[in-house]
Amino acid sequence: MSMDLSLHLPILQVIVPLLAAPLVVLLQPRNLAWAATVAVCLLAFAIALQMASRVLLGDILYYEVGGWRAPFGIALQVDAVNALLLVVVSGAASLAALGCRESLFAQIEPRRHPLFFAAWLLLLAGLSGMLVSADAFNIFVFMEISSLASYILIAGGPDRRALLAVFKYLVMGTIGATFYLIGVGLIYMMTGTLNLADMARLVPEVADQRPVLLAAGFITVGLALKAALFPMHVWLANAYMHAPHAVSVFLAACGTKVAVYVLLRIDFSLFQAGNLDHSIRFALFLMPLALLGILVCSAVAMFEGQLKRMLAFSSVAQIGYILLGASLLSEAGLTSSLLHMFNHALAKSALFLAAACLSMRFMDLRIDSLAGAARQMPVTSAVFVLGGLSLIGVPGTAGFVSKWVLITALLEQGEQGMVMVAIVLVSSLMAVAYVWRTLEVLYFKEPAGELKFAEAPPLMLVIAGSAALLNLVFGLMPAVPLALSQQAAQVLIGGAP
Amino acid sequence: MTIIFSLFLLTLLVIIAIAIVHTRNLFVCIALMSIFSLLMAVNFFTLDAADVALTEAAVGAGVTTVIFLTALRLTARREKREGTKASLLSLCVLGITMLLLIYATIDNPTLGDPNAPVHVHVAPYYLEQTYELMGFPNVVTAVLSSFRGYDTLGEVFVVFAAAIGVLFILDARKGTGPEYRPEQAGLKHHLIPKAVGGLLVPFVMLFGLYVQFHGEYGPGGGFQAGAIFATAVILFSLLEGEQAALRAVPRSAQMALVVGGASLYGFVGVLCLLMGGTFLDYSVLMQDPVIGRQVGIVAIEAGVGMAVCGSLLSIYHAFAARHPMEGRDESV
Amino acid sequence: MNLFEVLGHYNYWVFSILLMVGMYAVIARGNLIKKLVGLSIFQSAVFLMYISMDKVEGGTAPILQSGNPGQLYSNPLPQVLILTAIVVGVATLALGLAIVVRIHERYGTIEEQELLNAD
Amino acid sequence: MILVGVAVAILTTMVLAVIRAVSGPSIYDRVLAANMFGTKTVLLLAVVSFIFGRTDFLDLALAYALINLVGVLAVLGFFESRLKAERGRVDE
């Protein structure tokens, strides 16, 4: 009866939050559902850290659910590509649940808490399940768990427009997931297997057949929809804007990135391995969209009047950076792409946490109405400054590191790369503009009347502050995430799933 | 033979689908949807997918139709004339996409080709090993609950998510709704529904039990049984009224089914893990691995049945017990 | 390509047609319930595609018959996947309908154009 | 052979039902057609399971018959509640 829990880490990452969800539904009293959720999120975070530390040492964690060998049963695998994202996902869930306690209690009626927090755990479980799975259909199942949970969470927003936003998200999300399902079906039709490694072995034999090409198209478009790649991002802005603040923090940090991960994993390991044509098509499809997304959405963010919508558009632009790096098809490019997922999560969660803090004292978050907030809320404003600097990519912050790696990767591309470097620099200037616009209002604009209120509640400040400090920590000491990202890029380029 | 049947039924399917999109009356649209589902189910049946046909009938034609109707009662019955501006353009784009898709399927293996990749890799293992490993003949049940039991766990939690989502969004968890309302009195004052329907409720339940426990030997299993059980209670509620149904199976009992079913599945999985196997490896549950698997499968199928039944019921009641004027925005 | 091969792809043609018919309802129709109906046709098309793969000529449903050792059976795997997918479809639909009901309660309409004008 | 003949006959009536369901004109026609279609499905299923030689699938037909009834009752209930709601509004 001796058992070693460390052998079961990949499955525990998923089932701890998954199985906790129905139990949370039963917890009635006010703080209990929240406390249990935080505890489970932190436990998941600890599991993710444990796995990441083992992956860093060169381990690959492999798990066969139900004891069935790989192509016959469902396998899980944690390697460098998903270990870092698991940390991001469970970390974001913990940060958002812990750091938005008061905001959540203000926005969600206590009697609805158990259901809300159950959905919260389901979202965490769904995203983790997508990340650890090495089975194409299993990814779909967990994608749907995470999607349904995020619809529920966003629909918790108090404004009635949240309902419209979530309906749009539901329709587009379902189309995206169904496209993915069609793609998986077509590959299954041509190979007879659902296991990613087994598929990677068999796809090259049939790579030139039309169903496989079609599958690549369906999967890429479907996941791009889920990842809110420009111009398929229309669902995202309002969904983030009207969601409860805590949900915005959680989703902005990791919601779309998991879809990007699945896209990269499937595309690189199945279609691109040894198929130059496909690699070129992949790059040709993603690169222009990524560049356009960076430019257009940064520009939109510059003129957006609502703080959270501005941050949402900036998120779409950042997805552009992530996919631009991937579309270079080089090791350096992929490194920047994976590293940026991590760093952007740090920056965006700090910024959305600051927004949540501001929302405790301001009725609505129009940027103009925040005038002079820095006097009353110095810590919150400082968090916003740090997050903003990291978003822009100022040296010393986490955002700088990934942008630096991206620019290095672009420069490897020769003349074409120079143009893209220029675009990245222009959009960074735009980021300066939209971050500065908010800072100016916070710090230098005279408030309309006299402001008489205190800082946000202490727990929120502590968490927001530590999120902001993490941006500095990983800006000055980027070794660990950088090493993991490099390792991951090698895995992806090497073609082994 | 199969191909001729399919040809015919599929053509009907396309006609119905176009009619569904064409009609403006949402009620008609739902009626046609139920035909669509039945046709789809017959198609599945002719394509040898008996389990799927049963599910599609129970869920698609049964529960979905009922939920659609109850939701329709709370919203509008007709669709307004104007479509969106993009309708003509999208028609062209989608038409071209369709032709491309048809062109791309030329390389697909022909229907029924025994040498298609799907029939030579992975699947033969299931067909050859099931009897030896599980000791029962329904390979679909074996794959569903054991080989790919982890997917099914996910599926149970998808249903769980839908149930808590509907309850959360409609905020319909507590109480049995406002006071008694005449329009929810049910159909029992009509002779024929009373005579026929009342008789049927226990038989539907019995049939549900049969599907639940015969799932290893014939088409069926926890999922279909849960849907059929929910159908029985919905039938009862249609006849006797919402209040009577909620007295018979109160909301707390529905929630207990959902939570209990999902937890039972998870518990079996964790138990396997604690007894030294991997998650959901039922073979460690007993001395004899075959019996262990059978025990595990019966247990998780029971969990699936409970969770599905509870979820579908709580979704149905969240819609059906709601008053059309409840939750109205004051500003509207 | 003989007639048999053409007819053997008919299922996939119907899949393509249904996919696009459903998509059309989602994109071009303004009524939110109609959009959900379209979405469910769209998903049904995919079910059809998967189930079409499982058929083996001369085979029967994969419930083993003990008296019949030489019997061919159709592929169980797509059926299992679609059982799961049907459930996912219903779950999404129920959630979508709940949202539509709330939209109707708070806006008084479920027509897209009127909703866009409302805010 | 006779089974195939029966199947063809059932398919023909299914087409007739579909024509009624699609063309209407009244809602009553369509609902009736939908119900009739359900009944035909049950029959077709039974016949097909004999043709395929898998009579153990007859319980599927049973399930369809039960479900069809629930659908019809739901439709009736829908109309009745509509009717009552409308009448209630007139009374006020």
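Please treat every number below as a calculation from the coordinates, not as lab data. Since we're looking at a predicted model, the values are computed, not measured. All Cβ positions, glycine included, derive from the backbone under ideal geometry; neighbour counts span all protein chains shown.
Among B:T231, D:T12, A:T397, A:T438, a tally of other beta-carbon atoms within 10 Å of each Cβ gives an order, fewest to most, of D:T12, A:T438, A:T397, B:T231.
When only Cα pairs below 8 angstrom with a gap of at least 6 residues are kept, region B:254-314 shows a relative contact order of 46 percent. Please identify the DSSP H helices in chain B that span no less than 18 Å along the helix axis (Cα) and have a mean Kyte-Doolittle hydropathy of 0.0 or more. Qualifying helices: B:2-22, B:26-46, B:87-104, B:149-170, B:198-213, B:222-240, B:251-274, B:289-320. Counting only alpha carbon atoms, the long axis of helix C:32-54 and the longest principal axis of chain C meet at about 10°. Could you work out how far helix D:58-91 tilts from the main Cα principal axis of chain D, as a 0 to 90 degree angle to the nearest 10? That works out to roughly 10 degrees. Here the contact order of chain C, divided by its residue count and restricted to Cα pairs under 8 Å and six or more residues apart, works out to 23 percent.
Per-residue shielding of C:60-71, expressed as the average number of other chain Cβ atoms within 10 Å of the residue Cβ, stands at 6. Listed by Cβ neighbour count within 10 Å, with the fewest neighbours leading, B:T75, B:T46 appear as B:T75, B:T46.
Each residue in C:R29, B:R148, B:R78 was given a count of other beta-carbon atoms within 10 angstrom of its own, and listing them fewest first yields B:R78, C:R29, B:R148. For chain B, the relative contact order works out to 20 percent when only alpha carbon pairs closer than 8 Å and six or more residues apart are counted. Highest-first packing order for the peptide set B:16-26, B:33-43 is B:33-43, B:16-26, based on the mean count of other beta carbon atoms within 10 Å. Helix A:479-494 versus the longest principal axis of chain A: what is the Cα-based angle in degrees, 0 to 90, to the nearest 10? It works out to around 30 degrees. The mean number of partner chain beta-carbon atoms within 10 angstrom of a residue's beta-carbon across peptide A:54-67 is 3. Peptide A:10-17 is shielded by partner chain Cβ atoms: per residue, an average of 3 of them sit within 10 Å of its Cβ. Once both labels are positioned 7 Å from their Cα atoms along Cα-to-Cβ, the gap between B:T11 and A:Q416 label points is 5.0 nm.
The distance linking region A:55-106 with region A:182-206 is 25 Å (Cα centroid to Cα centroid, whole angstrom). Ranked by the mean number of other Cβ atoms within 10 Å of their residues, highest first, the peptides A:241-254, A:54-67 fall in the order A:241-254, A:54-67.
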